[in-house]
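Please read the structure below before turning to the comments.
Bear in mind that the values in this text are calculations on the coordinates, not laboratory data. Here the structure is a predicted model, which means the values were calculated and not measured. Positions of Cβ are backbone-derived with ideal geometry, glycine not excepted, and every protein chain shown enters the neighbour counts.
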Amino acid sequence: MNNLREIAQKFKTIRDIIVTENEEMSRHFSFKVGGVTPLLVEPETTESFLECLNLAESEKVPYFILGGGTNIVFSDSGFDGAVISTGRLNKVEIVASEGENVTVRALCGAQMNAIVNFCTKNGLSGLEEFCGLPGTCGGAAYMNARCFNREISDVAENIEYADLCGANSTYTQKILNPDKTLWSYKKSPFTDTKRVVYAVEFKLTREDGSKASQIAEKAASFMKERVDKGHFKFPCAGSVFKNNHDFGAPTGQIIDGLGLKGTAVGGAQVAPFHGNIIINTGAASASDIKALVELVKKEVREKKGFELEEEIIFK
Ligand SMILES: Cc1cc2nc3c(=O)[nH]c(=O)nc-3n(C[C@H](O)[C@H](O)[C@H](O)COP(=O)(O)OP(=O)(O)OC[C@H]3O[C@@H](n4cnc5c(N)ncnc54)[C@H](O)[C@@H]3O)c2cc1C
C-alpha cells in the first residue's frame, strides 16, 4: 500500500468528489462511537464512485463502503485506509410508469426514509413498512434489511451494482434482477462480497383517491411503532443480534428472560426497554460495545446453550 497522503492526492484528482483527511468519524455512525480515519472520500456521481473504487483497488488501499452508518460499530482506533461514503449519491426519481405500475430508482446513498417520503408524496404504495428505517438503500440492500416482515428483496425490482467478483480487475456496472433464491434472512447477494450497490429500483403501485391518502397513514403507523419501541431514544444500531427460529423465541426475549436488560459495560448498556438493543448512554466506546456483546453472548451460551450471531458489523 502506498502512503495514504499520496493516495489522498490521487483521490483529489477525481472529479466530483470530496476528500477529507483525518476525519473524526463518530458523528458518521448512529452509535456515535469510533476513531479517526485518515481518509474519507465522498463521491458525488456514480462515475466518480466507480473511479474511487477502481483507484482504491489499483493502489491496494484497504477501504470500506459507508452508507448511513446505522449498522456499524466503528473501531475506537479508526480504520487504516479509505472510508468511501455514499451519502452524496442520494437522487430519487421515477424512471418508469405503466398503468398503476411505477418504478422508482434511488441512488445507493438515498436514505430509506427519504425514499418512503418521495413515494408517499407521489401516491406510490409498497414501501410503507420501511418508514423510519435508518440508513441508506445501498446499506439496506447489502443487509437485506427487514421491517415488519417485509425485506428489501420483496420490494426491489433491480439492483445496479459494481462487481469485483470473479476475474474482473476493475469495477464495471451490472444489473441484478433479484432472484429470491440468492437472498435470505439478513443476507443479500452483496453481503461479504466485493459487489458494491450503486442504485436500487423499487417496484411500486400508483394509488388514487382515498387509497393514496392511506399511504401516509400506514407509513406513519410503522414510524409510530418504532418511536414507541424506543428506537430513537439513544444512539444505537437497532437489533444487535439476529433472530433464529431454532431458539424458539425472539432474541430480545431470550436476553430479557435472563435478566440482562440494563446490564452495562462502560457507557454501553443493554437497553432497559429492549433486550436486543444496545445503547450508548453518553460516553460509550466501541470497545465497551464489543465487551457488552461478548458478555451477552457468553450468558446466553452458558444459560441457554444458544450461540447468538451478531447483526451489527464491527469495523
Ligand atoms: C434505531 C434503528 C433501528 C433499526 N431498525 C432496523 C430494522 O427494523 N430492520 C433492519 O433490517 N435493520 C434495522 N436497523 C439497522 C440498519 O438501519 C439497517 O441495517 C440499514 O439497512 C443499514 O443501512 P446503512 O446505510 O446505515 O448501512 P451501513 O451501516 O453504513 O453499512 C452496513 C453494511 O452495508 C455495507 N454497505 C453500505 N452501503 C453499501 C453499498 N452501496 N454497496 C455495498 N455495501 C454497502 C457497508 O459496507 C456495511 O458492511 C436499525 C438501526 C437503527 C439505528
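Observations, loosely collected:
- Residue list for the range 220-244, given a label point 7 angstrom along the Cα-to-Cβ vector of Phe273 and an amide N cut-off under 15 Å: 223-239
- Around the amide H of Gly34, modelled in the peptide plane, lie the amide H atoms of Ala286, all under 5 Å away and 5 or more residues distant in sequence or on another chain.
- Sequence-ordered 3J(HN,Hα) estimates for the range 278-286 from the Karplus curve with 6.51, -1.76 and 1.60 and θ = phi - 60° stand at 9, 10, 9, 7, x, 10, 6, 10, 4 Hz, glycine and proline given as x.
- Sequentially through the range 209-215, phi angles give Karplus couplings (6.51, -1.76, 1.60; θ = phi - 60°) of x, 5, 5, 5, 6, 6, 4 Hz, Gly and Pro residues having no value and appearing as x.
- Sequence ranges 200-212, 88-100, 272-284, ranked by mean other-Cβ count within 10 angstrom, highest first: 272-284, 200-212, 88-100
- As a length-normalised measure over Cα pairs under 8 Å and 6 or more apart, the relative contact order of the range 245-314 settles at 24 percent.
- Net charge dipole size for the range 4-85 [Lys, Arg +1 and Asp, Glu -1 on Cβ; Debye, nearest 20]: 100
- Percentage relative contact order, the chain, counting C-alpha pairs under 8 Å, at least six apart: 16
- Structure remark: mean-square fluctuation, Gaussian network model of the chain, C-alpha springs under 10 Å; the largest value among Leu124, Leu260, Leu176 belongs to Leu176.
- Entry note, the range 195-315: relative contact order of 22 percent, from Cα contacts under 8 Å with a spacing of 6+ residues.
- Over the chain: helical MRE at 222 nm, DSSP H runs n ≥ 4 each giving -39500 (n - 2.57), nearest 500: -8500 deg cm²/dmol
- Put simply, the amide H of Leu66, placed in the peptide plane, has neighbours under 5 Å in Ile84, Ser85, Thr86, leaving out anything fewer than 5 places away on its chain.
- Between Tyr161, Ala283, Thr193, the Cα set farthest toward the positive side of the dipole of the chain (charges on each charged residue's Cβ, about the Cα centre) is that of Ala283.
- Modelled this way, with points 7 Å down the Cα-to-C-beta line, the labels at Lys304 and Ala249 are 0.7 nm from one another.
- Karplus (6.51, -1.76, 1.60) ³J(HN,Hα), θ = phi - 60°, over the range 107-115, in Hz, Gly and Pro reported as x: 5, 4, x, 5, 5, 4, 5, 5, 5
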